[in-house]
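What follows is a set of notes on a single structure, which appears directly below.
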Amino acid sequence: MENDFSDIKQKVHDFLKNTYITEPTRKALEERIEKAKGKNHFFDDYSFKLLSTACSLLMDQEPKDPFVNIAFFIDDRLSKNKCDGWRYSDMPPDGEMYLKGLGGIDETASMMFRKNFTVLEKEEQIKVLKVIQEGIADGDTWKTLSPVRFFEELLAETTEFFFSYPLVQLDFGYAGMADAAGWQKIGLNESEEIEKLVSNHFKNIPG
Amino acid sequence: MRKYLNTEVVDAVVIGTGAGGAPIISRLAKAGLKVVALEAGGQWDPQNDFATDELEQSKIFWNFERLSAGEDPLAFGRNNSGIGVGGTTLAYTAYTPRSRPDDFKIETEFGVGKDWPVNYEDLEPYYDELELFLGVSGPSPYPWGPPRKRGYPLPPNTLNGAAQLMERGCRQLNIKTSPAANAILSAPYFQEFVGWRNACTNRGFCQAGCSTGAKASTDVTFIPLAIHFGAEIRTESFATTIETGENGKITGVVYLKNGVEERQLCKYLFLCAGAIETPRLLLINNLANSSGQVGKNFMANIGVQVWGEFEELVHPYKGIPASLISEDMNRPEDADFAGGYLLQSIGVMPLTYASQLTRATGVWGKELRNKMNAYNHVAGINMHGECLPHENNFLELSDENDQMGLPKPRIHFTLGENEKRIGSHGEKLMKQIWTNAGAKNMFVYYRNAHTIGTCRMGNDADTSVVDAEGRSFDIPNLYICDNSIFPSSLNTNPALTIMALALRTADKFLGKY
């Protein structure tokens, strides 16, 4: 393995137990860490692998060893038919959108590089994602599914799951979950102890 | 809590426990009427249920799927709709400016849009009552609008980093700013039938569920009062069918309680389910629409945001998300549009920021990670402005059903010329303010807030759904009271005005009952 996050993961685990974090918050964050392991239920293994790769690239992670595999969360919510309250009217229902869109990613990859998406080099994979985002991707899929919208939805959902993962939150210096005592120093250039702790010990974890 | 039999013909059923429903439930119950409220969601226990985590808190948003259409399709769910006892007040920012007299007379002033059949003077006593009841914290005297009989009961909340930046940026342009009026306690406050409510702890989670009771959502203000006076709040009760008798009057409401159909008989129905669910229910039941206006005139406040990164540490998740205001742009001198807008400082929770960032700019990969590394230095400013009604903007029933077996609503929304001009004016000004304040790497996020206007009130039965007292022109024992009855969007955040209308509706009703 290139990156060993087990040290950091233990630190995060310990951090979540501190008294600055309320019980409901701790519970939610610990459950989230658990959810990131497990099995795919909605996607078959191949689609899941493709989705995992795409999600990792979107979040600048090494596909072989990300901080966290966001595909688990997307798979989980689709398998439970959960919804965020809306979708674009000109898009198919979420599950259908993902299945079609993932097929489209492979189709575009084949047309551009004559190989499936998951076996391409990283730079090639990024190119595939870019043309889909820009709406100039080749492939029959995109005749009946807006590539621009598909990409926007995939990116938004991946973003939301990624930046709600505890390790990632601490990595970008977010200490907001540690609010059990409330915040007294809320003006410019004012930091409280727990915020300084996060900044010093967690911000910008290498990897 | 008192319970009523389904077979008892109660005086009133109220659908929805948010800003429209809760004041009515409590006013009617206090007057001795038998009231049953139907709430689609559950009763939250904020201290034990609410986490400081946006993803976990998505449970308080209306998550039944809506279809969004038009050229500027709106986001729903987290953007504008709550579920559970408290309705969308569970997720509102608790920004409670009063509307100003000219807000209600857009048509008279500009020849476009629609006037309200009520005036500021009609709502003024209710604004007074609400600010005291809810415990609104704000500056006294308030710098804008007509003089008031009394000041705010509590001093303003402390300004956070974003507010300080907006103050700095506006000062250079001679734009007057002030701490905002928020229905968020700046000090402990005694709430009848609740006890002492805590002062705000600055956790900045107003839009994802207040866990401390400092924010005046209806569940910690009106609802306990209502229960004390004998109202029944029936949770997990999703209204599906409004039943009428031979003379066309409503006889009862059928709802699904934990999946099982039940029926409550009633003399009067108050429909307060919000500007999406209220018209949806009426369209599904084919009721109260001889004007053809149910679902029409959909509006959403233009709410463009400008974000920037600052040298200073901001920690934008702390403090009240919207703590500074300027109402100087209510009627800008150089306006090429009807109406105007408010300016507000904005803090933001990380998930909301990240998601808006990607939707607005399309940034991903290393660039996205770098932008998020700057999160602690980020602050935003937004506008909140007038939206006119348009033919293109409306709600209809789609032919796709949701998990309750009901047709999903499809909402069409396209910015009209007036909205584009207001948006453009505000964007330019906000960029100037933010540049003055020291912002770098600015980006603009076009967004519309709230859901408004789909069962509008008026004096004319041909062009309105309800009259000036919220009563249906078609069905004498049906009242509607929520954001759907607004004939114009107002440029102010709607919650205080919805509650004022609700109290007024209840009083007018009781006067006749």
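The values are calculated or read from the model by the stated rules, or taken from the named source; none is laboratory data. Remember, predicted model here, so these are calculated numbers, not experimental data. Cβ coordinates were reconstructed from backbone atoms using ideal geometry, including for glycine residues, and neighbour counts include every protein chain displayed. Remember, those area values only see protein heavy atoms, side chains included, never the ligands or the DNA or RNA. Shrake-Rupley method; radii C 1.70, N 1.55, O 1.52, S 1.80 Å.
A few notes on this one:
- Any hit, segment A:81-94, residues being assigned to a helix (DSSP H, G or I) and at pLDDT 95 or above: yes
- Qualifying residue in segment A:93-100 (condition: without any contact (Cβ under 8 Å) to a residue 12 or more places away in the chain, within 14 Å of chain B (Cβ to nearest Cβ) and open to solvent by less than 30 Å² (accessible area, probe 1.4 Å)): no
- Selection status of A:Asp60, on the phi > 0 side of the Ramachandran plot and acidic (Asp, Glu): yes
- Residue tally, condition open to solvent by less than 30 Å² (accessible area, probe 1.4 Å), out of contact with any Lys or Arg (no Cβ under 6 Å at 6 or more places or on another chain) and not basic (Lys, Arg), over segment B:254-284: 15
- Being under 24 Å from the mean Cα position of the chain (by Cα) and open to solvent by 10 Å² or more (accessible area, probe 1.4 Å) is a description that does not apply to A:Ala180.
- Subset of segment B:21-80 that is more than 7 Å from chain A (Cβ to nearest Cβ), assigned to a loop (DSSP other than H, G, I, E, B) and of a type in the set (S, T, N, Q) - its residue that is nearest to B:Ser355 (Cα to Cα): B:Asn80
- Residues within segment A:113-127 that are of a type outside the set (Lys, Arg) and either in contact with an Asp or Glu (Cβ under 7 Å, 6 or more places away or on another chain) or not in a helix (DSSP H, G or I) (or both), tallied: 5
- Residue satisfying condition, being outside any loop (DSSP other than H, G, I, E, B), within 14 Å of chain A (Cβ to nearest Cβ) and open to solvent by 10 Å² or more (accessible area, probe 1.4 Å), within set B:Thr108, B:Thr88: B:Thr88
- Count of segment A:20-39 residues which are under 24 Å from B:Gln57 (Cα atoms) and more than 14 Å from chain B (Cβ to nearest Cβ): 2
- Of all the criteria given as (1) buried (at least 19 other Cβ atoms within 10 Å of the Cβ); (2) under 24 Å from B:His390 (Cα atoms), the one not satisfied by B:Gly292 is (1).
- Filter result for B:Gly18 (in contact with a Gly (Cβ under 9 Å, 6 or more places away or on another chain), more than 14 Å from chain A (Cβ to nearest Cβ) and of a type in the set (Gly, Ala, Ser)): yes
- Subset of segment B:329-339 (residues that are surrounded by fewer than 24 Cβ atoms within 10 Å (Cβ to Cβ) and outside any helix (DSSP H, G or I)): B:Arg331, B:Pro332, B:Glu333, B:Asp334, B:Ala335, B:Asp336, B:Phe337, B:Ala338
- Any hit, segment B:114-129, residues being part of a loop (DSSP other than H, G, I, E, B) and over 29 Å from B:Ala226 (Cβ atoms): yes
- Residue in segment A:133-150 that is farther than 30 Å from B:Glu71 by Cβ, surrounded by fewer than 19 Cβ atoms within 10 Å (Cβ to Cβ) and away from chain B (no Cβ under 14 Å) present: no
- Positions within segment B:149-177 being closer than 22 Å to B:Ala187 by Cβ, open to solvent by 60 Å² or more (accessible area, probe 1.4 Å) and part of a loop (DSSP other than H, G, I, E, B), in sequence order: B:Lys149, B:Arg150, B:Pro155, B:Thr158
- Each residue in segment A:176-202 was checked for being facing another protein chain (nearest Cβ under 10 Å), within 18 Å of A:Leu16 (Cα to Cα) and charged (D, E, K, R), and 3 pass.
- Restricting the search to strands (runs of 3 or more DSSP E) fully inside segment B:361-471 and requiring at least 2 residues that are open to solvent by 50 Å² or more (accessible area, probe 1.4 Å), more than 14 Å from chain A (Cβ to nearest Cβ) and closer than 30 Å to B:Asp334 by Cα gives B:440-445.
- Within segment A:1-46, the set of residues being more than 23 Å from B:Ser211 (Cβ to Cβ), touching a helix residue (DSSP H, G or I) at 6+ places or on another chain (Cβ under 9 Å) and open to solvent by 20 Å² or more (accessible area, probe 1.4 Å) comprises A:Ile8, A:Lys9, A:Lys11, A:His13, A:Lys37, A:Gly38, A:Lys39, A:Asn40, A:His41, A:Phe42, A:Tyr46.
- Considering segment A:136-207, the qualifying helices (runs of 4 or more DSSP H), each wholly inside and each with 2 or more residues that are of a type in the set (Val, Ile, Thr), run over A:141-144, A:147-162, A:193-201.
- Count - residues of segment B:310-338 that are under 30 Å from A:Ala178 (Cβ atoms) and of a type in the set (D, E, K, R): 3
- Taking segment B:343-360 as the range and being part of a helix (DSSP H, G or I) and more than 10 Å from every other protein chain (Cβ to nearest Cβ) as the test, only B:Ala360 passes.
- Test for A:Lys64: is it more than 13 Å from chain B (Cβ to nearest Cβ) and surrounded by 14 or more Cβ atoms within 10 Å (Cβ to Cβ): no
- Subset of segment A:151-161 that is surrounded by fewer than 20 Cβ atoms within 10 Å (Cβ to Cβ) and under 19 Å from A:Asn69 (Cβ atoms) - its residue that is nearest to the other protein chains (Cβ to nearest Cβ): A:Ala156
- Verdict on A:Trp86 being touching a strand residue (DSSP E or B) at 6+ places or on another chain (Cβ under 7 Å), facing chain B (nearest Cβ under 8 Å) and surrounded by 22 or more Cβ atoms within 10 Å (Cβ to Cβ): yes
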